[in-house]
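Read the structure below first, then the notes.
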Amino acid sequence: ETGVTQTPRHLVMGMTNKKSLKCEQHLGHNAMYWYKQSAKKPLELMFVYNFKEQTENNSVPSRFSPECPNSSHLFLHLHTLQPEDSALYLCASSTTSDRTDTQYFGPGTRLTVL
Amino acid sequence: QKEVEQNSGPLSVPEGAIASLNCTYSDRGSQSFFWYRQYSGKSPELIMFIYSNGDKEDGRFTAQLNKASQYVSLLIRDSQPSDSATYLCAVKSWGKLQFGAGTQVVVTP
């Protein structure tokens, strides 16, 4: 596998379910990100991890819980979501936060909350 | 005021013509500028980045940056139907990357 991978690619869940999204990067990067992309809206940064430490949480509701066990893996644990949480969830990775910090995206997980 | 603004389009471009996309940003201290292409249902992929004022060319793509006027543009020469996508402008300020909502480009044969 190369680049940034995400599983599952599609997920349908009820509001009472608990599920997890997984992201893995094979680029040797040290920073990983979760974004939410809703229709016709800009990408919304949710969380940032640098060297496994969370460095940014953009006022994300607690029903989204990130986990970064190492620099290559990032999870997003979901519980008691709302229908408005339906969106494309994108993971990205980059080298550390220098000026050339280009982010590379995974294919995304299309989430539908019923 | 949105931090990164783009015209949502769609921008209709005849095949073979030049597509011109514009992006303005509000933070004068922004340091790095990126253009991503996103096909429908797919994730964004990096086209190019630019840090210094002026033009930067890569194949059929040219990025133009004017920090004084706080805009960055992307030109696509010899547009092809495969260029039909949404183009996202991203601006990095103090370590934080912010995206515009994107401009949809439709290249017509």
(message) Looking at the stretch B:51-71, can you tell me whether even one residue there is open to solvent by less than 40 Å² (accessible area, probe 1.4 Å) and within 11 Å of chain A (Cβ to nearest Cβ)?
(response) yes
(request) Please go through the stretch A:93-110 and pick out each residue that is touching a Ser or Thr at 6+ places or on another chain (Cβ under 7 Å), open to solvent by 20 Å² or more (accessible area, probe 1.4 Å) and within 17 Å of A:K22 (Cα to Cα). (result) A:Y104, A:F105, A:P107
(request) Please find, within the stretch A:67-89, the residue that is nearest to A:K18 (Cα to Cα) out of those that are outside any strand (DSSP E or B) and not small (G, A, S). (result) A:T80
(request) Return only the number of the condition from (1) assigned to a strand (DSSP E or B); (2) more than 9 Å from chain B (Cβ to nearest Cβ); (3) closer than 15 Å to A:A92 by Cα that A:Y33 does not satisfy. (result) (2)
(message) Condition first: more than 14 Å from the chain's Cα centre (by Cα) and surrounded by 14 or more Cβ atoms within 10 Å (Cβ to Cβ). Now tell me which residues in the stretch A:70-89 satisfy that.
(response) A:H79, A:T80, A:L81
(request) Of the conditions (1) away from chain A (no Cβ under 14 Å); (2) surrounded by 16 or more Cβ atoms within 10 Å (Cβ to Cβ); (3) in a strand (DSSP E or B); (4) not hydrophobic (A, V, I, L, M, F, W, C), B:S79 clears all except one; give me its number. (result) (3)
(message) For the stretch B:1-38: of the residues being more than 11 Å from chain A (Cβ to nearest Cβ) and of a type in the set (V, I, T), which is most open to solvent (accessible area, probe 1.4 Å)?
(response) B:I18
(request) Exactly one condition in (1) surrounded by 13 or more Cβ atoms within 10 Å (Cβ to Cβ); (2) out of contact with any Phe, Trp or Tyr (no Cβ under 9 Å at 6 or more places or on another chain); (3) within 11 Å of chain A (Cβ to nearest Cβ) is not met by B:G41; state its number. (result) (1)
(message) Out of A:P107, A:P61, A:P42, I need the residue that is outside any strand (DSSP E or B), more than 12 Å from the chain's Cα centre (by Cα) and facing chain B (nearest Cβ under 10 Å). Which one?
(response) A:P42
(request) Search the stretch A:52-63 for residues being exposed (fewer than 12 other Cβ atoms within 10 Å of the Cβ) and of a type outside the set (G, A, S), and hand back the single one that is farthest from A:M32 (Cα to Cα). (result) A:P61
(message) Of everything in the stretch B:40-68, what is modelled with pLDDT of 95 or more and hydroxyl-bearing (S, T, Y)? Give them in sequence order.
(response) B:T62
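Conditions (1) of a type outside the set (D, E, K, R); (2) touching a helix residue (DSSP H, G or I) at 6+ places or on another chain (Cβ under 9 Å); (3) surrounded by 14 or more Cβ atoms within 10 Å (Cβ to Cβ); (4) in a strand (DSSP E or B), marked per residue:
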{"residue": "A:L11", "(1), (2), (3), (4)": "yes, no, yes, yes"}
{"residue": "A:E24", "(1), (2), (3), (4)": "no, no, yes, yes"}
{"residue": "A:F47", "(1), (2), (3), (4)": "yes, no, yes, yes"}
{"residue": "A:S65", "(1), (2), (3), (4)": "yes, no, yes, yes"}
{"residue": "A:C91", "(1), (2), (3), (4)": "yes, no, yes, yes"}
{"residue": "A:T112", "(1), (2), (3), (4)": "yes, yes, no, yes"}
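The values are calculated or read from the model by the stated rules, or taken from the named source; none is laboratory data. Given the structure is predicted, the values throughout are model-derived calculations rather than measurements. In this analysis, Cβ positions are derived from the backbone assuming ideal geometry, glycine residues included, and neighbour counts consider all displayed protein chains. These accessible areas exclude ligands, DNA and RNA; they are computed on the full protein's heavy atoms, side chains included. Shrake-Rupley method; radii C 1.70, N 1.55, O 1.52, S 1.80 Å.
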